[in-house]
Amino acid sequence: MYTIYLDIVGSKIYIIPGVIYITMEIRKVQITGGSSYIVSLPKEWIKASRIGKNDPVGLVVQSDGTLLVTPKIEVEAVQRKKEFLVSATTDQTYILRCLIGAYISGYTVIVLSAQGRLPPSIRLRVREFTQMAIGQEVVEETETSITIKDVLNPSEMPFQNTIRRMAVIVKAMQQDGIDALKTGNRALAEDVVARDNDVDRLQWLIARQCNLLLADANLSRKMGLNPQMATNYFYISRIIERIGDHGTRIAKNVIEFHQGGSTGDVIEMISNASTTASKIFDRAMESMFSQDLEGANATIECVEDLEVQARGINRAALEFDAASATTIVSISDSIRRIGEYSGDICESIINNLINET
């Protein structure tokens, strides 16, 4: 039986979304006792990890054939803390963006503190943030500080489940936007706009989990996902989020369209094009979940038919006044973009499947 000791953790690792760059140290493999292969570990890494003689280290075989050496031999959540110093003059939008950024980056504890009494406006932003971000709760609050902690176990929220939920929401947004156009239901269109927040918070969750997984090999192993798979899910979630944005755009334009009071056969044309876009999106998601290479390729071919329908709507819009025509073309463009984004999902599926074969 051979005992193999390899070093890759001693290298410096720089992580950029979707890409990991490693500055590699080269060590020669030696044989001792005629049966054991040995590679020395970098002294700097040993010191930084506080590893002593006879201390155990973990060896994890990665899916790409590399071997991860880690001082952590027990699976435990990685705790990261981020602190922000605030005051009455702190920009409210800025601090909210910082909180969202810390959440997506994977910080498990976020602390906001002030030199004196914490401004009421900051407490309002914290409340807004915890309502927007999944799994974030205020666990401690004093006159001068607020501590927010992540109470969600990442392994309990699989990427595929979150992607499915996003897909259901954005498809319903698009369909309800078109129904609002047909019926003149302003309240339904406004509800579609409000649902965009649900899509955003789910996309933030996927981005956060992707960063957590890239930073923690134990979590990667526990969730059964390698970094490349997690990055692909993140990319697809961004596309779905953009499809949701276009569903919101349709709803906003529907409100403006009915304010103009314009109706006609063009609404039926829009409805038909929207049905085509929805079918393309459905097929794209089915191809992703079933890992269907040929299905993904066939779905991309359907986008051209949708573009033909969109051009027909744009020509019909010329019969309306300038304001109504602009609204119609905007709705048509959003429907077309939904189809094109669905095609982008299929391209990502093809690239990922080709890479795995």
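On the principal axes of its alpha carbon atoms, region 137-201 extends 52, 33, 10 Å, with the longest extent given first. Springs between alpha-carbon pairs under 10 angstrom, Gaussian network model over the chain: which of 177, 52, 106 fluctuates most? Of the options given, 52 has the highest mean-square fluctuation. Cα centroid separation, region 292-354 to region 139-181: 27 Å.
Taking the chain as the reference, fit the longest principal axis to its C-alpha atoms, fit the long axis of helix 186-215 to the helix C-alpha atoms, and give the angle between the two in degrees, 0 to 90, nearest 10. The angle comes out at about 20 degrees.
Calculated from DSSP H runs of 4 or more alone, at -39500 (n - 2.57) each and per residue, what is the 222 nm mean residue ellipticity of the chain, nearest 500? Don't skip to the answer; put the middle values down first.
Working: 10 runs with 215 residues, N = 357.
That calculation yields -21000 deg cm²/dmol at 222 nm.
Between the Cα long axis of helix 322-356 and the first principal axis of the chain there is an angle of about 30°, rounded to the nearest 10.
Given the pairs 82/222; 81/252; 47/81, which span a C-alpha to C-alpha distance of over 28 angstrom in this model?
Values: 82/222 25 Å; 81/252 39 Å; 47/81 23 Å.
Distance filter (> 28 Å) returns 81/252.
Go through (i) -0.34, -0.54, -1.38; (ii) -0.38, -0.64, -1.48; (iii) -0.44, -0.68, -1.23 and flag the label whose value is the computed log10 I(q)/I(0) by the Debye sum over Cα atoms at q = 0.07, 0.09, 0.15 Å⁻¹ for this structure. The listed entry that was calculated here is (iii).
Cross-link reach is defined here as a Cα-Cα straight distance under 18 Å, omitting same-chain residues fewer than 8 places apart; for residue 279 the lysines meeting it are 171. Put in line by how crowded their Cβ is, counting other Cβ atoms within 10 Å and starting with the fewest, 162, 70, 327 read 70, 162, 327.
The Kirkwood hydrodynamic radius of region 81-150, based on inverse pair distances between different Cα atoms, is 11.7 Å. Distance distribution note for region 170-220: the fraction of Cα pairs above 18 angstrom is 49%. Under 19 Å of direct C-alpha separation, and excluding same-chain neighbours fewer than eight residues apart, residue 28 reaches these lysines: 12, 43.
Defining a contact as two alpha carbons under 8 Å apart and six or more residues distant in sequence, what relative contact order in percent does the chain show? Could you put the intermediate results ahead of the total?
On the way: 488 pairs, mean separation 45.3, N = 357.
Answer for the chain is 13 percent.
Largest GNM mean-square fluctuation among 325, 207, 273, using the chain with Cα springs under 10 Å: 325.
For region 155-356, pairs of C-alpha atoms spaced more than 22 angstrom apart make up 50 percent of the total.
Every number here is computed from the coordinates shown, using simple stated rules; none is lab data. The structure presented is a predicted model; accordingly, all values stated were derived computationally and were not measured. Because the Cβ atoms are built from the backbone with ideal geometry, glycine has one as well, and the counts that use them run over all protein chains shown.
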